[in-house]
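Chemist: Could you have a look at this structure, given as structure tokens, before my questions?
The values are calculated or read from the model by the stated rules, or taken from the named source; none is laboratory data. Please read all numbers here as calculations on a predicted model, not as lab measurements. No Cβ is skipped: glycine too gets one built from the backbone with ideal geometry, and neighbour counts run over all protein chains shown.
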Amino acid sequence: MADLTLRNIRKSYADFEVLHGIDLDIKSGEFIVFVGPSGCGKSTLLRSIAGLETVTSGDLVIDGERMNTVAPSKRGISMVFQSYALYPHMTVYENMAFGLRIAGVSKAEIEVRVQRAAVILQLGNYLKRLPKALSGGQRQRVAIGRAIVRNPRVFLFDEPLSNLDAALRVATRIEIAKLKQSMPAVTMIYVTHDQVEAMTLADRIVVFKDGSIEQVGTPLELYKRPANLFVAQFIGSPAMNILEGTVVGKSEGVTHLMLECGTALDVSADRGALSVGERISIGIRPENTQITTSRASGPGLTGTVDLIEHLGEVQILYVDVAGSAQKYLIKAADDRAYARMDTIRFTARAPDIHIFDAKGCSIARRVLEAHALEQ
Ligand SMILES: Nc1ncnc2c1ncn2[C@@H]1O[C@H](COP(=O)(O)OP(=O)(O)OP(=O)(O)O)[C@@H](O)[C@H]1O
């Protein structure tokens, strides 16, 4: 069991601040996934939690105990890296046992722990093999086994699957999900660039940008209610489409928007305290866009198909919309044929239209925060 609290964590390399005051509460047994663009500080934070980096200021607390100056080996943390870093001349069993032997754990206890890890990771038949006789996925399982045998309170994973090919990634991802089920009390923090890993493994996802947290939430919260434009475009693949516009009027219960592409859009007034003249962006996900007809009629936006990608069960249409520099992407079932230069009309259901203010903040969130302040 391990609750983890990060309070105003800052980390600088010389005069370059990488982490700008991170606050995060992680509950015992949670599976937390860190995502964010390259260089945003995910690995630095993970390594700081492990004690492989010293934080410049702030408090790093595990189960009520401040850990800032506690040696990595005394934090009750195990870490699995992208590179498996197995000892090539040792068998799988010896690789898993090595750290325990150095720590002076008895032979009998080592046997129990290694065998237990081998069962969890289905490595029982490979214990006598050398790493060179294992697949990449099996090697990564040995690296995870080596971490398990230490009975950690907190398990850290730094992009553990990124060296594996697509099929092995999926198989090993499922192993990690099972591992979580078999160790429900262990807190896990996992860094990845892979959307599917983040969405499928996480209890909560933390989205980072430039050394700060943008949003923390369950995968569905981030997908359905992104707090800002950055999260909206970062979570989901292909990314959410964004169109610029202005609030042009308000009448009873309705706010009228005019998009730069020349399309008028009415949204219900409870979508926010929008003011007339205010610049806004609307966001619609490719999979939430419905093509109304292949001819230029009916309500919605109009565009010209520029490119089509067939992915099997779905196709991605890249559509040029007048007045918008960005292509509008539509994810549609592959049961209908479109051709390049087709003119299409498309719409989205009202709940699937996200609205952001000029600062990129979600209007829905702005309203929620305003309500919270009033109470
Ligand atoms: N030892 C170091 N000395 C100086 N700068 C560093 C050091 N380690 C990391 N950085 C810088 O800190 C920033 C954050 O790096 P970090 O590796 O934490 O990012 P990341 O989000 O994990 O990126 P990626 O997804 O590419 O692994 C980067 O700008 C990086 O260049």
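Chemist: Quick one: is Met79 within 16 Å of the ligand (Cβ to nearest atom) and crowded, with 21+ Cβ neighbours inside 10 Å? Spell out the reasoning first.
Modeler: Values: within 16 Å of the ligand (Cβ to nearest atom): yes; crowded, with 21+ Cβ neighbours inside 10 Å: yes.
For Met79, the condition - within 16 Å of the ligand (Cβ to nearest atom) and crowded, with 21+ Cβ neighbours inside 10 Å - is met.
Chemist: Here is a further query. Say whether the condition of being surrounded by 20 or more Cβ atoms within 10 Å (Cβ to Cβ), in the same structural domain as Arg141 (by TED's automatic domain parsing) and of a type in the set (Phe, Trp, Tyr) is met by at least one residue in region 3-17.
Modeler: Scanning region 3-17, I find no residue that is surrounded by 20 or more Cβ atoms within 10 Å (Cβ to Cβ), in the same structural domain as Arg141 (by TED's automatic domain parsing) and of a type in the set (Phe, Trp, Tyr), so the answer is no.
Chemist: Shifting gears a bit: What are the pairs with Cβ atoms under 8 angstrom where one residue, in region 1-30, is closer than 12 Å to Ser48 by Cβ and modelled with pLDDT under 95 and the other, located anywhere, is aliphatic (A, V, I, L, M) and surrounded by fewer than 18 Cβ atoms within 10 Å (Cβ to Cβ)? Sequence gap at least six, or different chains.
Modeler: Here the result reads none, with nothing in region 1-30 linked to a residue that is aliphatic (A, V, I, L, M) and surrounded by fewer than 18 Cβ atoms within 10 Å (Cβ to Cβ).
Listed here are the residues, each with its yes/no results for (1) within 11 Å of the ligand (Cβ to nearest atom); (2) within 24 Å of Arg173 (Cα to Cα).
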{"position": "Ile9", "(1), (2)": "no, no"}
{"position": "Ser12", "(1), (2)": "yes, no"}
{"position": "Val18", "(1), (2)": "yes, no"}
{"position": "Lys27", "(1), (2)": "no, yes"}
{"position": "Val33", "(1), (2)": "no, yes"}
{"position": "Gly41", "(1), (2)": "yes, yes"}
{"position": "Ala50", "(1), (2)": "no, yes"}
{"position": "Glu53", "(1), (2)": "yes, no"}
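Chemist: Looking only at region 66-84, filter to residues that are charged (D, E, K, R) and modelled with pLDDT under 95; which one of those is farthest from Thr5 (Cα to Cα)? Outline the logic, then answer.
Modeler: Step one: list which residues in region 66-84 are charged (D, E, K, R), which gives 66, 74-75.
Those still in the list that are modelled with pLDDT under 95 too: 74-75.
Numbers: Lys74: 17, Arg75: 14 Å.
Once the filter is applied, the top-ranked residue is Lys74.
Chemist: Go through region 194-211 and give me each residue that's within 12 Å of the ligand (Cβ to nearest atom) and either within 19 Å of Leu229 (Cα to Cα) or at pLDDT 95 or above (or both).
Modeler: First, the residues of region 194-211 that are within 12 Å of the ligand (Cβ to nearest atom): 194, 206-211.
Once the filter is applied, which keeps residues that are within 12 Å of the ligand (Cβ to nearest atom) and either within 19 Å of Leu229 (Cα to Cα) or at pLDDT 95 or above (or both), region 194-211 yields Val206, Val207, Phe208, Lys209, Asp210, Gly211.
Chemist: For region 88-103, which positions are more than 25 Å from Ile49 (Cα to Cα) and in a loop (DSSP other than H, G, I, E, B)?
Modeler: If the condition is that a residue be more than 25 Å from Ile49 (Cα to Cα) and in a loop (DSSP other than H, G, I, E, B), then Pro88, His89, Met90, Thr91 are the ones that fit.
Chemist: Confirm whether Val247 is touching a residue at least 12 places away in the same chain (Cβ under 8 Å), assigned by TED's automatic domain parsing to the domain that holds Tyr84 and part of a strand (DSSP E or B).
Modeler: Working: touching a residue at least 12 places away in the same chain (Cβ under 8 Å): yes; assigned by TED's automatic domain parsing to the domain that holds Tyr84: no; part of a strand (DSSP E or B): yes.
Here the answer is no, as Val247 does not meet what is asked.
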